[in-house]
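The values are calculated or read from the model by the stated rules, or taken from the named source; none is laboratory data. Remember, it's a predicted structure, so these values are computed and weren't measured experimentally. Virtual Cβ from ideal backbone geometry, glycine too; neighbours counted across all protein chains shown. To get the accessible areas, we keep the full protein, side chains included, count just its heavy atoms, and leave off ligands, DNA and RNA. Shrake-Rupley method; radii C 1.70, N 1.55, O 1.52, S 1.80 Å.
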Amino acid sequence: QVQLVESGGGLVQAGGSLRLSCLASVSIFSFNAMGWYRQAPGKQRELVAAVTSGDATTYADSVKDRFTISRDSAKNTVYLHLNNLKPEDTAVYYCNAWALVPGTIRRNDYWGQGTQVTVSS
């Protein structure tokens, strides 16, 4: 049973920083990619950043140059470093991991429970 547990959310003033952590119950090498999504009230969940097993990264345009995704395989943890936060970054942030089902083109997605990030102006 794969579990992803996020931590590190909170209330911060605009311009501040946070670090989110996502601890996996299995080796992060079990996944093809891991990433962070966010969902603000009344909006769809959107991809914020992701890192593949080959260390390729991708970011939403709205967070480029402000957020950084990284991973520590020894700790089975993926991080999201949030800098220069803006009120529009307020959302619940979810950790995601996915892995291809062997012998198929299907994938299994795993989600954490989410952590709230609130940025005050």
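What is the mean projected area of the alpha carbon convex hull for region 1-98, to one decimal in square nanometres?
Mean orientational projected area (region 1-98, Cα hull): 6.2 nm².
Mind checking region 1-96 for trypsin sites (Lys or Arg not before Pro) that DSSP puts in a loop (not H, G, I, E or B) and that have at most 13 other Cβ atoms within 10 Å? In loop regions of region 1-96 (DSSP not H, G, I, E or B), the sparsely surrounded trypsin sites (Lys or Arg not before Pro) are 43, 64.
The apolar share of the surface of the chain, taken as the fraction of accessible area on carbon and sulfur atoms (1.4 Å probe, ligands and nucleic acids excluded), comes to 48 percent.
Label-to-label distance for residue 19 and residue 5 is 1.8 nm, based on points extended 7 Å past Cα in the beta-carbon direction. Rolling a 1.4 Å probe over the protein chains gives residue 57 an accessible area of about 70 Å². The value obtained for region 44-121, namely the Cα convex hull volume divided by the number of residues, is 125 Å³ per residue. Heavy-atom accessible surface of region 5-121, averaged per residue, reaches 53 Å², computed with a 1.4 Å probe.
Between residue 56 and residue 72, what length comes free when the chain is fully extended (0.36 nm per residue of separation minus the Cα-Cα distance, one decimal in nm)?
Full-extension gain reported as 4.3 nm.
When the convex hull of its Cα atoms is viewed from all sides, region 70-111 shows a mean projected area of 4.6 nm². Across the options 119, 95, 26, the greatest Cα extent toward the positive end of the charge dipole of region 2-121 (unit charges at beta carbon of Lys, Arg, Asp, Glu) belongs to 26.
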